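Shown next, in structure tokens, is the structure this report addresses.
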Amino acid sequence: MNVAAPQSTAMRWIYLAYMLVFFLYLAAPLVSAAIFAFNDSLFPALPWKGFTLDWFFGSTEPMLGLFHDRRLMEGLKNSVVIGLIVSTLSVAVGTCNAFLFERRSFPGKSLLYVLMIVPLVIPGVILGISILVFASMIANGVEEVFGWEWDFLRPGTFLVVIGQFSFLVTIATLVIAARLRKFDVSLEEAALNLGASRSRVLMTVTLPYLTPALFAAFIVSFLMSFENFNTTLMLVGSDAPLTITMYDRMVKVGSTPVLNAVSVFLMIGSGLLALLSIFAQRGKGQA
Amino acid sequence: MSRSDASKLTLFLLFTPFVLWMLLLIILPQIGVGYLSLREKVGPGDYTFGLGNYADFLGEPVYWNTLLRTAWMSVLVTILALFAGFPVAYYIAKVANQRSRAALFLMCLVPLWVSDLVRAFGWIVLLRETGLISGALQDLGVIRGPIELLYNDITVIIGLVYTVVLFMIVPLVSTLDGMDNSLLEAGYNLGGSRFTVFRKIVVPYAMPGIVAGSIIVFMLTAGSYLTPILLGGKNSMWFTEQIYEQFVTRYNWESGATFGVLLLVFTSFVVWLGLRLTGQSLASTVAKD
């Protein structure tokens, strides 16, 4: 018998009812955003006018589908490119950090560890403005002293990458460090005793063990980069990623069903990626 | 090269990315913002240093009212998220059986991966005048005409709790997971009522998770931008909106930087206070897993 569960029948039902209400609350906005992607109407609102897939595949105005909307597809492409770069960088630096904090001892380690966590709790808008301000200071300085135009330090893709990277490193580090902590160091020692070199041990023993965590960290970073808004908003230039493109559309044109279609697309995409990362962590993870 | 030299070299190599990241992307930019916030414009291209921007902030009630309102609503959202999330986390970690708990946990995680924008968008579709709830209530005959459920504080709070509650549940589940049920049994055997057992055993055990979740949720709420603006409309009075306005709309970076510093200092102070009151530390809570 589970001592943690409520013992009286009435309490048990109340608890179950609460759980049901909670999951309804979780699902309601997602489901309602999804429904109107299939409504044959120009507005994402009642009344229901019949089922259509035009908001995905329609190729003519006014029902221009997501896959034919040049600006949205452009935003999607920018998001993917930014996400891939940011995740690669975050996993690379996160791996170094994980080894640094899990394997090494050095003076001031616990203080630096707290410092490593801090980007996670700085509000995204503030990370955004601080990087914007700092990059502009450098760009202005360089222009004044050398007369060079360092345009990559002005709002644009480079700054978006830098801004997202600044806090995704922390997340990647935590994911990778959690797995590295469980690694049995005697495996490495055994390999060393058998005559393998340090780099060989790293390549054949340690990194293969870490692979699921590296993969999971990559996907988590990619998803978070993809959905990030606050930091990106302050750093975005002309090549806006999808979330910013959607927001612009919403503010300027108002909400249209094509945004619902994008939402459905994002839900399915991120749901699948999240599942993939969970299985990667779990599947091979038990060894 | 001797072994200790090699070890020093790898330590150095591992340290380099960390130091570059911290210095170039976190520390120096924050100093830059602090520096900018102290710069006062006296004429075109002419600046002096002083606390003028902070004085301007204090002199304009709209600004500090917005900051206080943001902080107060964030605290409220944090408390609501804790109360809404705790039973769910407890159910997943302790009550549900092995198989359904994985499914429940996954169901909790899926909305986490959907962007804020999509979630806010879903609420709009649900709550607006021509939305699903208004429509359903009319069909049921509860109300006559369409009602607008958007653009008020309650909606903003519901939406904010929605976007952050999962960040409360995840750390709670992982702490409660580690609790041995025999602790509860011992509590009952010693004659404790359910309430006593909950108050004296479950809550103290879950404290690191409660604090970690609360910190993350509070910071996320105070720093959120989309949900208050989309659900709260023109008069949502959210502090990040003020920062955005100073930076992008008015191009007044000095005062925007001041606002940024104030938000960071103020929210850090609230977090510090919370840690002090609960006797926890940042490293032992937020970074536990």
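The values are calculated or read from the model by the stated rules, or taken from the named source; none is laboratory data. As the structure is a computational prediction, the values presented were derived from the model and not from experiment. Backbone-built Cβ (ideal geometry, glycine too); neighbour counts: all protein chains shown. Surface areas here come from the heavy atoms of the whole protein model, side chains and all, with no ligands, DNA or RNA. Shrake-Rupley method; radii C 1.70, N 1.55, O 1.52, S 1.80 Å.
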Legend entry - Value of relative contact order over segment A:10-78, rounded to a whole percent, pairs C-alpha under 8 Å and six or more apart: 15 percent
Inset, instruction - Distance check, please: which entries in A:K252/B:K41; A:K77/A:K252; A:K182/B:K94; A:K77/A:K182 exceed 28 angstrom between their Cα atoms? - result: A:K252/B:K41; A:K77/A:K182
Legend entry - Probe 1.4 Å, accessible area per residue of segment A:85-246, Å²: 40 Å²
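When the convex hull of the Cα atoms of segment A:85-246 is projected onto a plane and the area is averaged over all directions, what value comes out in nm²?
11.9 nm²
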Inset, instruction - Give the Kirkwood hydrodynamic radius (Å, one decimal) of chain A, defined as one over the mean of 1/r across all pairs of different Cα atoms. - result: 22.5 Å
Legend entry - Selection from A:I162, A:T204, A:F134 lying farthest towards where the dipole of segment A:85-246 points positive, charges on Cβ: A:T204
Legend entry - Heavy atoms of B:K200 accessible to a 1.4 Å probe, total area in Å² rounded to 10: 130 Å²
Inset, instruction - Count, for each residue of A:194-207, the Cβ atoms from other chains sitting within 10 Å of its Cβ, then give me the mean as a whole number. - result: 0
Inset, instruction - Determine the principal axes of the Cα atoms in segment A:216-256, then give the extent along each, sorted from largest to smallest and rounded to whole angstroms. - result: 37, 22, 15
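Just from its helices, what would the mean residue ellipticity at 222 nm be for chain B, if runs of 4 or more DSSP H residues each count -39500 (n - 2.57) and the sum is divided by every residue, rounded to the nearest 500 deg cm²/dmol?
Calculated mean residue ellipticity at 222 nm is -22000 deg cm²/dmol.
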Legend entry - Alpha-carbon Rg/Rh ratio, for segment A:37-99, with Rh computed the Kirkwood way: 1.31
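Calculate the mean, over all residues of peptide B:246-254, of how many other protein chain Cβ atoms lie within 10 angstrom of the residue's Cβ. Before the final figure, lay out each step's value.
Working: counts 1, 7, 6, 0, 0, 0, 0, 4, 0.
Partner Cβ neighbours, averaged per residue: 2.
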Inset, instruction - Take B:L277, B:L104, B:L58 and sort them by solvent-accessible surface of the protein heavy atoms, 1.4 Å probe, largest at the top. - result: B:L277, B:L58, B:L104
Inset, instruction - Count, for each residue of B:124-137, the Cβ atoms from other chains sitting within 10 Å of its Cβ, then give me the mean as a whole number. - result: 5
Inset, instruction - Could you state how much accessible area is buried at the A-B interface, both sides summed, with a 1.4 Å probe, in Å² to the nearest 100? - result: 7700 Å²
Inset, instruction - Specify which residue in the list A:S90, A:L214, B:P61 is farthest towards the positive end of the charge dipole of the protein assembly as shown, using unit charges on the beta carbon of Lys, Arg (+1) and Asp, Glu (-1), about the Cα centre. - result: A:L214
Legend entry - Rounded to whole Hz, the Karplus (6.51, -1.76, 1.60) HN-Hα couplings of segment B:214-226, x for glycine and proline: 5, 4, 4, 5, 4, 5, 4, 5, 4, x, 6, 10, 5
Inset, instruction - Determine the dipole magnitude for the protein assembly as shown: charges of +1 sit on the beta-carbon of Lys and Arg, -1 on that of Asp and Glu, nothing else is charged, the reference point is the Cα centre, and the result goes in debye to the nearest 20. - result: 1720 debye
Legend entry - Percent of Cα-Cα distances greater than 20 Å, calculated over segment B:1-99: 73 percent
Legend entry - Cα-centre dipole for chain B with unit charges at Cβ (Lys and Arg positive, Asp and Glu negative), debye to 20: 760 debye
Legend entry - segment A:171-287: equivalent-ellipsoid semi-axes (sqrt of 5 x gyration tensor eigenvalues, Cα, Å): 42, 15, 9
Inset, instruction - Would you list, by chain and number, the lysines whose Cα falls below 20 Å from the Cα of B:K8, excluding same-chain residues fewer than 8 positions away? - result: A:K109
Inset, instruction - Rank A:S79, B:V161, B:Y35 by how far each Cα sits towards the positive end of the charge dipole of the protein assembly as shown (+1 on Lys, Arg Cβ; -1 on Asp, Glu Cβ) and give me just the farthest. - result: B:V161
Legend entry - HN-Hα J in Hz across segment A:195-203 - Karplus 6.51, -1.76, 1.60, θ = phi - 60°, x for Gly and Pro: x, 6, 7, 3, 5, 5, 4, 4, 6
Inset, instruction - Answer rounded, prolate or oblate for chain B, using the Cα gyration tensor with square roots of eigenvalues a ≥ b ≥ c: rounded when a/c is under 1.5, else prolate when a/b is larger than b/c, else oblate. - result: oblate
Inset, instruction - Let me have the relative contact order for chain A, percent, based on Cα pairs under 8 Å that are six or more residues apart. - result: 28 percent
Legend entry - From phi via Karplus (6.51, -1.76, 1.60), per-residue ³J(HN,Hα) for segment A:100-115 in Hz, x at Gly/Pro: 4, 8, 8, 10, 10, 10, 7, x, x, 4, 5, 5, 5, 5, 4, 4
Inset, instruction - As a check on your grasp of the helix formula, calculate [θ] at 222 nm for chain A: sum -39500 (n - 2.57) over DSSP H runs of n ≥ 4, divide by the residue count, round to the nearest 500. - result: -24000 deg cm²/dmol
Inset, instruction - Starting from the Cα gyration tensor of the protein assembly as shown, take the square roots of the eigenvalues, sort them a ≥ b ≥ c, and report rounded, prolate or oblate (rounded when a/c is under 1.5, otherwise prolate if a/b is larger than b/c, else oblate). - result: rounded
Legend entry - For A:G237, residues with placed amide H under 5 Å, excluding near neighbours: A:G156, A:T157
Inset, instruction - With only Lys, Arg, Asp and Glu charged, each at its Cβ (+1 for the first two, -1 for the last two), find how big the charge dipole of segment A:85-246 is about the Cα centre; round to the nearest 20 debye. - result: 700 debye
